[in-house]
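Structure first, then comments.
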Amino acid sequence: MVTDAFSEFPASESEPEADPLGPASDPASSPVSEPASESASGTGADAGGSAGTVAAPYDDGPLGWDGYGSARQRARERTGEDESVISGTARIAGVPTVLISFEFGFLGGSLGERTGDRLVAAYTRARQLRLPVVTLIATGGSRMQEGMRALTQLQRVAAQSALTRAAGLPQIAVVRDPTTGGGWATLGAGADVILALPGAQIGFAGSRVRPMDADPYAYSAEGQLAAGQIDAVVPRDRLRTALGRWLRLLSSGDGTGTTAEGTAEAAATPSAAPAPAADGAGPALEAAPPPHALGAPRLPASGWEAVRSARAEQRPRAAAYLDAYFDWREEVNGDRCGGTDPGIRCGFGRRDGRTIAFAAQCGTAVRPAGFRTAARLVRMADRLGIPVLTLIDTPGAANDAAAEQAGAGAAIADVFATLASARTPVTSLLIGEGGSGGALALAAPGRLWATPDSYFSVIAPEAAAAILKRDTDAVRDTADQLRIRPQDLLDLGLIRGVVPVPGAR
């Protein structure tokens, strides 16, 4: 059970040109139960069902597919649903939302024209009510008995998702077993946050249409997590809690000061939470305050001392700063391009009752996947009207051959462009090493602070000395010449200040 309450949209809202809905079904339990049948009519699946009669018979669809109408009648008799999707308003962990749930027992949760009608109506209603969208997906893909008329529903769904994204409303997908084909490529992979049930089969190719020698792990929830395609694998008994936390984080950043903990009635009033203006007009968002310093309070006497302080093993890293700064937080995973990077942590957290997004370097060389994940995070926060905090701590961007082949330059360029164009305020704190462009990419122009045990340099002192053909004894002098200490950065007008440790005057 994932919902506190659910109210299905009436037929007039969900299917303006379709037959009336059948008996209402509460998705509070069924959306997270196992699919009723593996025999279905989605892509790569077979039709199935048990005999039964219904009051309003179906026809054989736009292609006149023999037996399609009777297959739908059997599916309705078996599941009590008129289509593979139901939708309505719900409360999840107290947060109002528009809920879309797939019934896999109805022709394998496949998408046909009527499915498209319902999805369009649900997204439209979400924008009218200014509510987030949660989709509980279990589908084999497009309904082959409706041919291209079914396939083109993916374009309709993608358009609705794009409109909802542009409206500044979050979309959270829960992918169940199986989620394949166009349902994964639109509702699933297109969501802001993607959660998966353990062991779920996830992939564009269904089990019957992929290569015979394909590695099953690549199509599993766990494999997709490792590839950075989903954000978390969540056990069934923790799903309601996880959804509630994500909804509280992402539903409070519309720029109006309204939080997701408000009443359902207030959230369901179109005028209660107006959308933020696309041009950035309206009330300005308050920037995230920079964290306090957690390490050494004394400023370094020399450039080389600054380098040694920043490289010290005992210096607090990103995890310590995130723990001290946020009351609680959730992290996103991966760049959605097949990569992850443990050297950067990105997500959203709650601090003093408000949501702040974060992208935190962890002291290692950042790989292209890390930069792409950070750019994804900042773009999402910008759309949702959530301020961003970046923590800078890296010796530089990864510079090995694999990093170049993975597009290091393009990934860094993407982060630079994303921060430069962000309308939401970005606050940056240098907490350790500031190694050249790989560090600067996450530094907010005009809103950068530094801790006493940090440095920022155009190049590492050792590399600078080598380029200048100086011996190793000259590295310390080179560090001083580069003026990389926090107080040097302040004198040069590169940072706004050096943050103190808690309690310092």
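From (1) touching a residue at least 60 places away in the same chain (Cβ under 8 Å); (2) of a type outside the set (Phe, Trp, Tyr); (3) under 23 Å from Val458 (Cβ atoms), pick out the condition that doesn't hold for Val388.
Evaluating Val388 over (1) touching a residue at least 60 places away in the same chain (Cβ under 8 Å); (2) of a type outside the set (Phe, Trp, Tyr); (3) under 23 Å from Val458 (Cβ atoms) leaves (3) as the failure.
Ala122 - would you say it is at pLDDT 95 or above and in a helix (DSSP H, G or I)?
Considered against the rule, which asks whether it is at pLDDT 95 or above and in a helix (DSSP H, G or I), Ala122 comes out as yes.
Looking only at the stretch 406-429, decide whether some residue is under 20 Å from Thr355 (Cα atoms), open to solvent by 50 Å² or more (accessible area, probe 1.4 Å) and out of contact with any Cys (no Cβ under 6 Å at 6 or more places or on another chain).
Yes.
What residue, of Ala205, Ala232, Ala227, is within 22 Å of Ser110 (Cβ to Cβ) and either in contact (Cβ under 8 Å) with a residue 60 or more places away in the chain or small (Gly, Ala, Ser) (or both)?
Being within 22 Å of Ser110 (Cβ to Cβ) and either in contact (Cβ under 8 Å) with a residue 60 or more places away in the chain or small (Gly, Ala, Ser) (or both) holds for just one of Ala205, Ala232, Ala227, which is Ala205.
Could you grab me the full set of residues in the stretch 356-368 that are at negative phi and open to solvent by 10 Å² or more (accessible area, probe 1.4 Å)?
Residues satisfying the conditions are Cys362, Thr364, Ala365, Arg367.
Give, as residue ranges, the helices (runs of 4 or more DSSP H) completely inside the stretch 205-269 that count at least 1 residues that are among the hydrophobic types (A, V, I, L, M, F, W, C) and modelled with pLDDT under 95.
It comes to 264-267.
Return only the number of the condition from (1) aliphatic (A, V, I, L, M); (2) more than 30 Å from Val378 (Cβ to Cβ); (3) surrounded by fewer than 24 Cβ atoms within 10 Å (Cβ to Cβ); (4) within 23 Å of the chain's Cα centre (by Cα) that Ala191 does not satisfy.
(2)
Tell me which residues, restricted to the stretch 67-115, are in a strand (DSSP E or B), touching a Phe, Trp or Tyr at 6+ places or on another chain (Cβ under 7 Å) and in contact (Cβ under 8 Å) with a residue 40 or more places away in the chain.
Ser87, Gly88, Ala90, Leu99
Go through (1) open to solvent by 10 Å² or more (accessible area, probe 1.4 Å); (2) more than 19 Å from Gly61 (Cβ to Cβ); (3) touching a residue at least 24 places away in the same chain (Cβ under 8 Å) one by one and return the number of the condition Leu136 breaks.
Status for Leu136: all satisfied but (1).
Scan the stretch 115-143 residue by residue and report those that are among the basic types (Lys, Arg) and at positive phi.
Arg130
Kindly indicate whether Pro342 is at pLDDT 65 or above, over 30 Å from Asp491 (Cβ atoms), open to solvent by 40 Å² or more (accessible area, probe 1.4 Å) and assigned to a loop (DSSP other than H, G, I, E, B).
yes
So which pairs qualify, if the first residue must be in the stretch 421-442 and closer than 17 Å to Ala369 by Cα, the second must be of a type in the set (Phe, Trp, Tyr) and buried (at least 24 other Cβ atoms within 10 Å of the Cβ), the Cβ gap must be under 7 Å, and the two must be at least 6 apart or on different chains?
Ala439/Phe456; Ala441/Phe371
Residues in the stretch 380-405 that are over 14 Å from Gly438 (Cβ atoms), open to solvent by 60 Å² or more (accessible area, probe 1.4 Å) and part of a loop (DSSP other than H, G, I, E, B): how many?
Number of matching residues: 0.
So in the stretch 140-182, with the set limited to residues that are β-branched (Val, Ile, Thr) and not in a strand (DSSP E or B), which one is most open to solvent (accessible area, probe 1.4 Å)?
Applying the filter and picking the extreme gives Thr152.
Of all residues being more than 27 Å from Ala75 (Cα to Cα) and of a type outside the set (Val, Ile, Thr) in the stretch 87-124, which is most open to solvent (accessible area, probe 1.4 Å)? Just the residue, please.
In this case the residue turns out to be Arg91.
The values are calculated or read from the model by the stated rules, or taken from the named source; none is laboratory data. Just so it is clear, the structure is predicted and the values come from calculations on it, not from any experiment. Here Cβ is always computed from backbone atoms with ideal geometry, including for glycine, and neighbour counts include all displayed protein chains. Each accessible area value is taken on the protein alone, full model and side chains, heavy atoms only, with ligands, DNA and RNA left out. Shrake-Rupley method; radii C 1.70, N 1.55, O 1.52, S 1.80 Å.
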